[in-house]
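The values are calculated or read from the model by the stated rules, or taken from the named source; none is laboratory data. In this text, all values refer to a predicted model and were calculated from it rather than measured experimentally. All Cβ positions, even for glycine, are placed from backbone atoms using ideal geometry, and neighbour counts span all protein chains on display.
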Amino acid sequence: MARLVVVSNRVPLPSERGAKAGGLAVALADALQPGSLWFGWSGRRSTRGSGTTHIQRSEGITYATIDLTEADYRAFYVNFSNGALWPLLHFRLGLIDFASDDYDGYRAVNRQFASSLLPLLRPDDMIWVHDYHMIPLAAELRALGITNRIGFFLHTPFVPPSIFNALPRSAELLTSLCAYDVVGFHTRTYRTAFLDCVTENFGIHADSDGRFVWRGHTVRVISDPIGIDAGAFAQQAVVAAAGSDARLLRDSLSKGGLAIGVDRLDYSKGLINRFEAIGRFFANYPQHRRQVSFLQVAARSREEQGAYQRLRRELDRIVGDTNGRYSEFDWTPLRYMTRAVKRDTLAGFFRLSRLAVVTPLRDGMNLVAKEYVAAQDPEDPGVLILSRFAGAAEELTEALIVNPYDSDEIAEAMHIGLCMELEERRERWQALNEKVTANTAGRFCTVFLNHLDRADTLPEKPRLRAIS
Ligand code: ADQ
């Protein structure tokens, strides 16, 4: 059987895995059979940089990582990946901080990844590369003579040409993406945006299956929405809702209900507009005061970047303002934690919540929306409020879909959700849950890897022996 090699910026090392399993580790669990290899950055910075490849094995899977130097970390990870590509891919041109030295560092680290991965590769490996940090990896591997099938999946949105082309050196990135055999996106919208970039910049039109030929090599472009292991998450939710954390939370609410938001603390998640909406909600619908508390869990992220520090200060200010204005001595409208919460605890909190407010300004998919659906009690489900700009909105159309920039609309949706009759809540939830249980993480992997397996071979490419 062909071996699967996964490459991502960070590798969820078994030795470091806490209770919060990373989203990617959960998504790829089904695809990573014993024998697979996962390669990436160790998360460590050292003066020696990528000189040594560290190997760990767990449950038959090999985890191979390299360190980065401080300079590489800054240029590749902090400055170009998160300071230029992330805002670009989330439609935030004003936040892009581009420097050509950082771009050169980004390419250099991708070259290092390729040369460290090279000795670990076998001729029949299928290589699956993840996310925006690693766009040039296939081109670097091809330059070293690797002809294996290589696929790429982007976890963020993709932007139309009018936005993409604003990034200096964007044509080089687009060329790099054409070195993959399969390029995958969460939604048809992002797939179309990518194909539009190819047409506008290179004058190439894809066929109706999303295939085009670039310098003699066929690229297949697909949409493949990521999902969750809905059954396992639902079970976790049942157990955790009866556990001690959920009990403490329930007791702290006295007779009131709970609304919840769970995100990384990132400007793409729409937290400022959401917090303003919570203020509007208690102002416009005073009947809900004391009857509901909002819990926002916002795990701190990328703290060394100015945009994230400014966001945190602004959120602190709005929380203080909202709570100062509406709190009673025995009731707090907005509870705000800037820590990650364990996955199973979160599942229990989701099940307790009458409302989830998932309002990113842009989001590749947003798995919190799917997790909230999976965690509900079928007899008495809560209501999902979902941004029209989350990838998940293309699938989860029975949620209350809102414009995340419109705080009044979010506030109104919160009111509608809290007042919704049981019958309508059940109908909406059943439709949502069917989708979440059908489009699982396992299905996502199978679809992608089947496409990769069927990719046209390069002339000298060795044949795969079987589908992984
Ligand atoms: P993220 O931006 O991290 O992922 P998301 O999909 O919402 O966004 O969450 C990924 C995982 O992290 C989920 O399992 C979620 O429960 C967990 N998580 C989020 N906030 C948390 C918190 N405060 N505490 C604990 N756990 C938390 C990127 C893209 C998304 C895309 C995913 C997967 O930005 O659009 O859905 O990759 O492709």
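May I ask you to list pairs of residues, at least six apart or on different chains, whose Cβ atoms are under 8 Å apart, with the first in segment 340-360 being under 15 Å from residue 26 (Cβ atoms) and small (Gly, Ala, Ser) and the second being at pLDDT below 95 and within 12 Å of the ligand (Cβ to nearest atom)? Pairs found: 340/20; 340/299.
The single condition from (1) part of a strand (DSSP E or B); (2) surrounded by fewer than 18 Cβ atoms within 10 Å (Cβ to Cβ); (3) at pLDDT 95 or above that residue 44 fails is (3).
Please determine whether any residue of segment 421-428 is touching a helix residue (DSSP H, G or I) at 6+ places or on another chain (Cβ under 7 Å) and of a type outside the set (Gly, Ala, Ser). Lay out the reasoning, then the answer.
If we filter segment 421-428 for residues that are touching a helix residue (DSSP H, G or I) at 6+ places or on another chain (Cβ under 7 Å), which is where we start, we get none.
For segment 421-428, residues touching a helix residue (DSSP H, G or I) at 6+ places or on another chain (Cβ under 7 Å) and of a type outside the set (Gly, Ala, Ser): absent.
For segment 210-224, the tally of residues that are assigned to a loop (DSSP other than H, G, I, E, B) and either closer than 14 Å to residue 452 by Cα or in contact with a strand residue (DSSP E or B) (Cβ under 6 Å, 6 or more places away or on another chain) (or both) stands at 2. No other residue among 46, 8 is touching a helix residue (DSSP H, G or I) at 6+ places or on another chain (Cβ under 9 Å) and under 24 Å from residue 169 (Cβ atoms) apart from 8. Scanning segment 242-268 for residues that are within 16 Å of the ligand (Cβ to nearest atom) and assigned to a helix (DSSP H, G or I), we see that the one that is nearest to the chain's Cα centre (by Cα) is 268. Between 427, 412, 398, the distinction of being surrounded by fewer than 16 Cβ atoms within 10 Å (Cβ to Cβ) and at pLDDT 95 or above belongs to 427 only. Of all the residues in segment 322-363, those that are within 12 Å of the ligand (Cβ to nearest atom), within 19 Å of the chain's Cα centre (by Cα) and buried (at least 24 other Cβ atoms within 10 Å of the Cβ) number 8.
Of the listed requirements (1) outside any helix (DSSP H, G or I); (2) within 14 Å of the ligand (Cβ to nearest atom); (3) modelled with pLDDT under 95, residue 296 misses just one: (3).
Could you grab me the full set of residues in segment 146-168 that are away from the ligand (no atom under 16 Å from the Cβ), part of a loop (DSSP other than H, G, I, E, B) and either touching a residue at least 60 places away in the same chain (Cβ under 8 Å) or buried (at least 16 other Cβ atoms within 10 Å of the Cβ) (or both)?
Scanning segment 146-168 gives 146, 147, 148, 149, 160, 166, 167, 168.
The set of residues in segment 378-389 that are touching a helix residue (DSSP H, G or I) at 6+ places or on another chain (Cβ under 6 Å) and surrounded by fewer than 24 Cβ atoms within 10 Å (Cβ to Cβ) contains only 381.
Residues in segment 312-369 that are more than 20 Å from residue 276 (Cα to Cα) and among the aromatic types (Phe, Trp, Tyr): 329, 349, 350.
Kindly indicate whether residue 386 is within 13 Å of the ligand (Cβ to nearest atom), part of a loop (DSSP other than H, G, I, E, B) and out of contact with any Pro (no Cβ under 8 Å at 6 or more places or on another chain). So that I can check it myself, show each step before the final result.
Details: within 13 Å of the ligand (Cβ to nearest atom): yes; part of a loop (DSSP other than H, G, I, E, B): no; out of contact with any Pro (no Cβ under 8 Å at 6 or more places or on another chain): yes.
No, not satisfied.
Assess whether residue 193 counts as being farther than 18 Å from residue 217 by Cα, within 16 Å of the ligand (Cβ to nearest atom) and among the small types (Gly, Ala, Ser). Yes, satisfied.
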